[in-house]
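Here's a structure for you.
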Amino acid sequence: MKIEDIRVFVSCPGRNFVTVKIVTEDGVNGLGDATVNGREMAVVAYLEEHVVPCLIGRDARMIEDTWQYLYRGAYWRGGPIAMAAIAAIDMALWDIKGKVASLPLYQLLGGRSRDGVTVYVHANGTDVDDTLDKADDLKNQGFKAIRLQSAIPGLPVTYGVLGDKKDYFELQGNRPLPPEEIWSTQKYFSMIEGLFEAARGRLGNDIHLLHDVHNRLTPIESARLGKLLEQYDLLFLEDASLAENQQSYDLIRAHTTIPLAIGETFNSVWDCKHLVENQLIDYIRAASTHAGGVTAMRRIADFAAIHNVKTAPHGAPDLSPVCIAAHMHLDTWAPNFGIQEFVGFGNDETRQLFTHEMRIEDGMVQVSEAPGLGVEFDEDAAKEYPYKRSYLPVSRLEDGTLWNW
Ligand code: EZ4
Ligand code: CO
């Protein structure tokens, strides 16, 4: 079953998505997501110039060997661009294997471990009341877990807050250069505890609450935040501090029992190693597109399982529905699955390009029973939404110092 053709598409149905399609000599095809928000064309070049020529004529059934060939076989390994390219090839080969076997991906991984995939959704508002109005509405829709983000008084924009934009697609919209945002840890601390105190008062205790710090705090500030928020019983605190220095989490852990989650930018199991084996985190949030595909996610999940760490894959709007589907299959299987981040299946244009049968019921996603990943990609419609250069923001402190967005 030889690989006959590999095509790379970049489409922008509101945000840019890099989609890989592998076609075998028997006419079976598989899809993969290779989107790295703000660096899309680097992945396209890596794929088209350095990956695709090596794979034409290879046996499409050899998923593991192909993964090793692309990872181990490159002298300069890893990094987001290479790993997104490997990820997309890997996802597409799993998709093909599922189609050949007439089985949905979760069945190939080991079968169902639960009734459905519990998700956490986002409530973000222009102030505490607005955030809690939105959270209340989501709770009434049946969601069991909600991430709360609220605008920080005194700062012009706050991470995760839509303001007057209708969704995350419109929020990123037309950004041919990176917008700049301002961060103040002091102003953040003046808001954050009140948000969760009010949230428990208004939403009660029968709902999981989460919060994303988005790497804005130093480790000791994260420890302080953890201690402040412990009493509000968060399911987890996301990206409290960067883990480039993974030992930072020893320090945070020494001070707080708040559950910790990190991993959405991790590129490999090595990025998880110290954190997981020392049980410094409670949830590992790696994404299939950025950590190296289904093969890498399965390895990370098993490594995490033996250290009592659960999985909680990234679910941002800059992961295409192909990656989201891969996550739903992994989540349906993984014995140590915790929760899935979920921001919907994209805007109308995205749902026109990527069709699937995933559905949301009672706060859980039901994965498609179609063979493979269960996503179809409309190549012709994609031509109507060409690539548009667009960036995530950069962040600065109030004195102009560049900071983590
Ligand atoms: O940082 O979409 O959990 N979700 C997030 C998102 C991501 C951006 C970039 O992938 O933190 O805001
Ligand atoms: Co996040």
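The values are calculated or read from the model by the stated rules, or taken from the named source; none is laboratory data. Keep in mind that what you see is a predicted model, and the values were worked out from it rather than measured. Here Cβ is always computed from backbone atoms with ideal geometry, including for glycine, and neighbour counts include all displayed protein chains. Each accessible area value is taken on the protein alone, full model and side chains, heavy atoms only, with ligands, DNA and RNA left out. Shrake-Rupley method; radii C 1.70, N 1.55, O 1.52, S 1.80 Å.
Leaving out ligands, DNA and RNA, and with a 1.4 Å probe, what % of the accessible surface on the chain is carbon or sulfur?
50
Another question about this same structure. At 1.4 Å probe size, what's the solvent-accessible area of Thr126? Round to the nearest 10 Å².
My reading of the accessible area for Thr126 is about 80 Å².
In terms of the Cα gyration tensor, with a ≥ b ≥ c the square roots of its eigenvalues, is the chain rounded because a/c is under 1.5, prolate because a/b exceeds b/c, or oblate?
prolate
A further question follows. Quickly work out the Arg396-to-Arg175 label distance, labels modelled 7 Å from Cα along the C-beta direction, and quote it in nm with one decimal.
According to this spin-label approximation, the distance is 1.6 nm.
Go ahead and collect, in residue order, the members of the stretch 267-304 whose backbone nitrogen is under 20 Å from a label point 7 Å along the Cα-Cβ direction of Ala254.
Of the residues in the stretch 267-304, 274-282 have backbone N under 20 Å from the label point off Ala254.
Would you rank His50, His307 by solvent-accessible area, highest first, keeping every protein chain in place and using a 1.4 Å probe? Display every interim value, and only then the final one.
On the way: His50 115, His307 30 Å².
Highest to lowest solvent-accessible surface, that is His50, His307.
Can you give the FRET efficiency to the nearest 0.05 for Glu4 and Asp233, using r as the Cβ-Cβ distance and R₀ = 56 Å?
0.55
Give the shape of the stretch 3-104 as rounded, prolate or oblate, defined through the alpha-carbon gyration tensor: a ≥ b ≥ c are the square roots of its eigenvalues, a/c under 1.5 means rounded, and otherwise the shape is prolate if a/b is larger than b/c and oblate if not. Can you show the working numbers first?
Details: a/c = 1.80, a/b = 1.22, b/c = 1.47.
Here the stretch 3-104 falls in the oblate category.
What helices in the chain pass both tests, a Cα length along the helix axis of 20 Å or more and a mean Kyte hydropathy of -0.5 or higher, using whole DSSP H runs? Working shown, then result.
Numbers: long enough: 80-101 (31 Å, 1.12); 185-203 (26 Å, -0.20).
Taking the DSSP H segments of the chain (at least 20 Å long, mean hydropathy at least -0.5), we get 80-101, 185-203.
Something else: Which values of log₁₀ I(q)/I(0), to two decimal places, follow from the Debye formula for the stretch 285-405 at q = 0.10, 0.11, 0.13, 0.19 Å⁻¹ with a uniform point scatterer at every Cα?
Here log10 of I(q) over I(0) equals -0.39, -0.47, -0.63, -1.07.
Note down the net charge around Leu70, summing +1 for each Lys or Arg and -1 for each Asp or Glu among other residues with Cβ under 13 Å from its Cβ. Before the final figure, lay out each step's value.
Numbers: positive: Arg58, Arg72, Arg77; negative: Glu64, Asp65, Asp90.
With Lys, Arg at +1 and Asp, Glu at -1, the neighbours total 0.
Pick from Gly160, Gly346, Gly194: which is most flexible by mean-square fluctuation in a GNM of the chain where alpha carbon atoms under 10 Å apart are linked?
Gly194
To continue, here is another question. Below 8 Å, C-alpha to C-alpha, sequence gap of six or more: please give me the relative contact order for the chain in percent.
Details: 886 pairs, mean separation 90.8, N = 405.
Once divided by the residue count of the chain, the mean separation gives 22 percent.
Please report how far the C-alpha centroid of the stretch 38-90 lies from that of the stretch 270-292, rounded to the nearest whole angstrom.
21
Which shape class, rounded, prolate or oblate, goes with the stretch 355-403 when its Cα gyration tensor gives a ≥ b ≥ c as root eigenvalues, a/c under 1.5 marks rounded, and past that a/b bigger than b/c marks prolate?
oblate
Hey, another quick one. So how exposed is Val10, as accessible area in Å² (1.4 Å probe, rounded to 10)?
Its heavy atoms expose roughly 40 Å² to the probe.
Enter the accessible area per residue of the stretch 83-208 (Å², integer; probe 1.4 Å; all protein chains in place).
Per residue, the stretch 83-208 has an accessible area of 42 Å².
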